[in-house]
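Engineer: Attaching a single structure in structure tokens format; questions to follow.
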Amino acid sequence: MSIARWQRLSLHAALSTLLLTLPGLGRATTSAADPLDSARWADMRQAFLADAQVVFDTRVKVDAPNSSETPLNVPVAVDASALGEVKEVLVFADFNPIAKALRFLPGKARPQLGFRIKLQQSTPVRAAARTADGVWHVNGVWVNTSGGGCTVPSVASSSPDWQRRLNEVSGHLWREGKDGPRLRLRLIHPMDTGLVASIPPFFIEELSLRDADGALLMRIEPFEPVSENPVFTLSLANPAPAAVLVGGHDNNGNLIKARVTP
């Protein structure tokens, strides 16, 4: 090997080592190989991310159990705050019959959200976060489950008073905490997938969360796989809002309206 070639290779190795050790770098890769080795990754990318630039990025945190015995209520928490400015986050499960689970657009809130979903079988659960430059940053985890969560009737469908309480909102706003202000919401809704015979799709389509001045904190778009009576947990930026105004609707046009205070 020539001295010049050896010098070039040595310089490349040194630069690679430096990039991997600098804070915030060495965490994303444009490799076409799916880290979760899912047979459906190519389909998911084409369906949801199309021709946009996609990188696998461990700065997008996806927390979910490795194994879940309750496929109707699988807890998922997504945190893309390490990316900086995030325009939207899409959550999907490769092997669900309805893969797209939830989309949220951070406003003044941090790009973090906790919720629960239904899984039909063991599957990767992924979050794709789009940054201001148009790049999708993707990460996820495998969740093993006994399955069947998407094809089981909701408990609400057999409850005598679910219509009376439909879209009822309960919530709590913590103005202080280790990670700053936090909001938790629970809504009464069956979130039917439409995959059960004689039960059509019936789910919340949109929630808009605003502060008392009307500024958008976050818009959440739950899809059919979100669990019945959904619970959402958000991290808010300081200073904490005096109140959070909740508005939205389901796919049948039923309105959601509430005000949450500390």
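Engineer: Evaluate the following for Asp133: is it touching a residue at least 12 places away in the same chain (Cβ under 8 Å), over 23 Å from Ser208 (Cβ atoms) and either surrounded by fewer than 24 Cβ atoms within 10 Å (Cβ to Cβ) or touching a Ser or Thr at 6+ places or on another chain (Cβ under 9 Å) (or both)? Give the steps one after another, and end with the answer.
Structural biologist: Details: touching a residue at least 12 places away in the same chain (Cβ under 8 Å): no; over 23 Å from Ser208 (Cβ atoms): yes; either surrounded by fewer than 24 Cβ atoms within 10 Å (Cβ to Cβ) or touching a Ser or Thr at 6+ places or on another chain (Cβ under 9 Å) (or both): yes.
Answer is no for this residue.
Engineer: Turning to a different aspect of this structure: Can you run down the residue pairs with Cβ atoms below 7 Å, 6 or more apart or on separate chains, where the first is in segment 173-195 and on the phi > 0 side of the Ramachandran plot and the partner is small (Gly, Ala, Ser) and surrounded by fewer than 18 Cβ atoms within 10 Å (Cβ to Cβ)?
Structural biologist: Gly180/Ala237
Engineer: Now for a different question. Where in segment 171-262 are there strands (runs of 3 or more DSSP E), lying fully within it, with 1 or more residues that are over 18 Å from Phe115 (Cβ atoms) and over 19 Å from the mean Cα position of the chain (by Cα)?
Structural biologist: Per the criteria, 204-211, 244-250, 255-260.
Engineer: Identify all residues within segment 44-102 that are small (Gly, Ala, Ser), under 15 Å from Ala28 (Cβ atoms) and more than 14 Å from the chain's Cα centre (by Cα); write none if there are none.
Structural biologist: The answer is Ala52, Ala82, Gly84.
Engineer: Working carefully through the options Gly140, Gly134, find the one that is at pLDDT 95 or above, within 18 Å of Thr58 (Cα to Cα) and in a loop (DSSP other than H, G, I, E, B).
Structural biologist: Gly134 is the lone residue from the list that is at pLDDT 95 or above, within 18 Å of Thr58 (Cα to Cα) and in a loop (DSSP other than H, G, I, E, B).
Engineer: Sticking with this structure for a sec: Of all residues in segment 73-95, count the ones that are touching a Ser or Thr at 6+ places or on another chain (Cβ under 6 Å) and within 20 Å of Asn229 (Cβ to Cβ).
Structural biologist: Summing the residues that are touching a Ser or Thr at 6+ places or on another chain (Cβ under 6 Å) and within 20 Å of Asn229 (Cβ to Cβ) in segment 73-95 gives 3.
Engineer: Inside segment 60-102, can you point out the residues that are more than 23 Å from Leu216 (Cα to Cα), assigned to a strand (DSSP E or B) and small (Gly, Ala, Ser)?
Structural biologist: Ser67, Ser68, Ala93
Engineer: Among the residues of segment 124-163, what is the count of those that are farther than 22 Å from Ser68 by Cα and not aliphatic (A, V, I, L, M)?
Structural biologist: 13
Engineer: Right, next: Quick one: in segment 103-117, of everything that is small (Gly, Ala, Ser) and under 15 Å from Arg219 (Cβ atoms), which residue is surrounded by the fewest Cβ atoms within 10 Å (Cβ to Cβ)?
Structural biologist: Gly107
Engineer: From (1) over 18 Å from the mean Cα position of the chain (by Cα); (2) of a type in the set (A, V, I, L, M, F, W, C); (3) assigned to a helix (DSSP H, G or I), pick out the condition that doesn't hold for Cys150.
Structural biologist: The number of the failed condition is (1).
Engineer: Which condition number in (1) within 24 Å of Glu176 (Cβ to Cβ); (2) touching a helix residue (DSSP H, G or I) at 6+ places or on another chain (Cβ under 8 Å) is the one that Asp192 fails?
Structural biologist: Unmet condition: (1).
Engineer: Now for a different question. What number of residues within segment 30-59 are loosely packed, with under 12 Cβ neighbours inside 10 Å and under 18 Å from Arg103 (Cα atoms)?
Structural biologist: Of the residues in that region, 2 qualify.
Engineer: So, one more: May I ask you to say which residue of Arg182, Arg110 is in contact with a helix residue (DSSP H, G or I) (Cβ under 9 Å, 6 or more places away or on another chain) and within 22 Å of Arg59 (Cβ to Cβ)?
Structural biologist: On inspection, the qualifying residue turns out to be Arg110.
Engineer: With the checklist (1) in contact with a helix residue (DSSP H, G or I) (Cβ under 7 Å, 6 or more places away or on another chain); (2) more than 16 Å from Ala132 (Cβ to Cβ) in hand, flag the one item Val62 doesn't pass.
Structural biologist: (1)
Engineer: If you check Ala42 against the conditions, is it closer than 20 Å to Arg182 by Cβ and part of a helix (DSSP H, G or I)?
Structural biologist: no
Engineer: Taking the options Arg165, Arg184, name whichever one is touching a Phe, Trp or Tyr at 6+ places or on another chain (Cβ under 9 Å), of a type outside the set (Ser, Thr, Tyr) and either over 29 Å from Pro35 (Cα atoms) or surrounded by fewer than 18 Cβ atoms within 10 Å (Cβ to Cβ) (or both).
Structural biologist: Exactly one of Arg165, Arg184 is touching a Phe, Trp or Tyr at 6+ places or on another chain (Cβ under 9 Å), of a type outside the set (Ser, Thr, Tyr) and either over 29 Å from Pro35 (Cα atoms) or surrounded by fewer than 18 Cβ atoms within 10 Å (Cβ to Cβ) (or both), namely Arg184.
The values are calculated or read from the model by the stated rules, or taken from the named source; none is laboratory data. Worth saying up front: this structure is predicted, and the values here are computed from it rather than measured. Heads up, the Cβs are rebuilt from the backbone with ideal geometry, glycines too, and the neighbour counts pull from every protein chain shown.
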